[in-house]
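Data first, discussion second: the structure below is written as structure tokens.
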Amino acid sequence: MSLTLFNVVLAVIIAISFVGLNAAYLVWCERKGAGLFQRRPGPMENGPWGLLQPPVDGVKLMTKQLLIPGGVDKAIFMVAPVLAMFPALISFVTIPFSENIVAHPIDVGVLMIFAFAALGGMSLLVAGWGSRNKYSMISSVRAVSQTVAYEIPLMITTITVVMISGSLNLGDIVQTQLGGFWHWNIWPLQKQVGFNLLMPFSFLILFVCSVAETNRAPFDLGEAESELVAGFHTEYSSMGFGLFFMGEYANIVIGACLTVILFLGGWACPVGDLGFFPFTHHVGWFLLKIYLIIFVFIWIRWTFPRTTIYGLLNLSWKYLIPISLFNLLLTAGLLKVF
Amino acid sequence: MGGYFTELFTGAKSLLDGMWVTLKEFPRRPVTLNYPHESVKMYPRFRGHIELIGNQEGKSNCIVCSMCQRACPSGCISLAGVKPEGEKKKVLTKYILDFTTCSLCGSCVESCNFNALRFSNEYNLASTRKEDFIMDLLKRLEEQNQ
């Protein structure tokens, strides 16, 4: 891929519009899904099936006053929402939508995504600190302890996959899973994963961690509205709040992309390569897989009530971390043997 | 240590059970009503404010005996009538219900011996002006006849 200026600008425009469109329309999907799971129609006033709701919401948010409460740390207060949106945007640079469609294949792509995910946790801390609000502070402390607790099993599980494929490049990780769904990393009985029977469990661990990483229900302790008003974004109005919201949904897409790339074969077609029909082609399969994962995210959110903070930390420190550590050792041993 | 794994598996199973419950509801039709566009049909025995019963000619059965007025504990009914030349019964000319003080006790409906009063099915009553609840029931009967 030649790096002419035109290509760069085009890539940036496509990336930003993909993120923006996803962030806007995932809100619609979320509300529609919530409605259907609860036997309601969901949004349906603006446009057919309420499809014009996101632009209308966007206009509403943008025309509202951006209120800065008295006594806040102004610079930090203003930086936090940008810090929430921008790492999610950056992470899309290295995500391969197909063999050729990737903005910039970085050799340490996995590492980069985790680095920027950690920056997302930072934005919550900064928002809580800058707001000068007890509830925001409590919420951000919770959110950060949660992020730290869940990043560990997430990374350990990812190291397992990286050991299997021998590369930190997301494109290479997918390359080792091509050629039919039985080659995907989630299946235990194949030579490349060393016949490790715990592979489906490590997929589950990764999935649970990516739900927790994105601060979504049932792990949305950070914005527990029954106790903390709205958590870290209590004091944010207008587009400040809008950016937090878009950042959250962009993070959901990143989480789904990561799950699909590491365990579900990325852009690989489940039955070999059908190639000819657009929908069965690489990008189509990748998008189909990530939206299936996102559907499960929404499904989980509208099924389970919020956990408690100690239940959340217990799950991570008592179950996910020991199991993923054991799995890491087991995979390393099995890869040596086979 | 035994409890560790049983807790893990029973927990996971109960989560899956919960997800199966919501998934079954997902494809079904909504049970809610799209309120401003459609509303519930009120049951025939619903006790809304009172209204006059029209006979076959669309006139009221009322003979202005004033029993309802006397039965009303809050004094919210006021009515008047005239006796036309050569008729035996009085004819109703005015029937005003002050719904702001009515408690829907139904004493007026019970006291009516001429089948002239009943409860309406009206339940969508909302206004910012007090005068909207001082109702001319004779006018309402005329509107119903049209």
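Readers should treat all values here as calculations from the given coordinates under stated rules, not as data from a laboratory. For clarity, every value in this text was computed on a predicted model and none was experimentally measured. Here Cβ is always computed from backbone atoms with ideal geometry, including for glycine, and neighbour counts include all displayed protein chains.
Only helices (runs of 4 or more DSSP H) wholly contained in the stretch A:200-313 count here; list those with 2 or more residues that are touching a Phe, Trp or Tyr at 6+ places or on another chain (Cβ under 8 Å), polar (S, T, N, Q) and surrounded by 22 or more Cβ atoms within 10 Å (Cβ to Cβ). Steps first, please.
On the way: elements: A:225-228, A:238-263, A:282-301.
Of the helices (runs of 4 or more DSSP H) lying wholly inside the stretch A:200-313, none has at least 2 residues that are touching a Phe, Trp or Tyr at 6+ places or on another chain (Cβ under 8 Å), polar (S, T, N, Q) and surrounded by 22 or more Cβ atoms within 10 Å (Cβ to Cβ).
Of the numbered criteria (1) closer than 26 Å to B:E131 by Cα; (2) of a type outside the set (K, R); (3) part of a helix (DSSP H, G or I); (4) more than 24 Å from the chain's Cα centre (by Cα), the one B:L23 fails is (1).
Only one residue in A:S123, A:S136 is buried (at least 16 other Cβ atoms within 10 Å of the Cβ) and within 17 Å of A:A212 (Cβ to Cβ). Which one? Steps first, please.
Values: A:S136 fails: within 17 Å of A:A212 (Cβ to Cβ).
Selected residue: A:S123, the only one of A:S123, A:S136 that is buried (at least 16 other Cβ atoms within 10 Å of the Cβ) and within 17 Å of A:A212 (Cβ to Cβ).
When the stretch A:318-338 is examined, which residues are found to be surrounded by fewer than 17 Cβ atoms within 10 Å (Cβ to Cβ) and within 13 Å of another protein chain (Cβ to nearest Cβ)? Within the stretch A:318-338, A:K318, A:P322, A:F326 meet the criteria.
Counting the residues of the stretch B:26-58 that are without any contact (Cβ under 8 Å) to a residue 12 or more places away in the chain, surrounded by 10 or more Cβ atoms within 10 Å (Cβ to Cβ) and either away from every other protein chain (no Cβ under 12 Å) or part of a helix (DSSP H, G or I) (or both) gives 1. Residues in the stretch A:43-76 that are over 13 Å from A:G242 (Cβ atoms) and within 24 Å of the chain's Cα centre (by Cα) were compared, and the one that is surrounded by the fewest Cβ atoms within 10 Å (Cβ to Cβ) is A:L51. Checking each residue in the stretch B:78-106 for being in contact (Cβ under 8 Å) with a residue 24 or more places away in the chain and more than 17 Å from B:R47 (Cα to Cα) picks out B:K89, B:K90, B:V91, B:L92, B:T93, B:K94, B:Y95, B:I96.
The one condition from (1) within 25 Å of A:N169 (Cβ to Cβ); (2) crowded, with 16+ Cβ neighbours inside 10 Å that A:A84 does not meet is (1). Residue pairs whose Cβ atoms lie under 7 Å apart, separated by 6 or more positions or on different chains, with the first residue in the stretch A:150-164 and within 15 Å of A:M112 (Cα to Cα) and the second outside any helix (DSSP H, G or I), are A:V162/A:L168.
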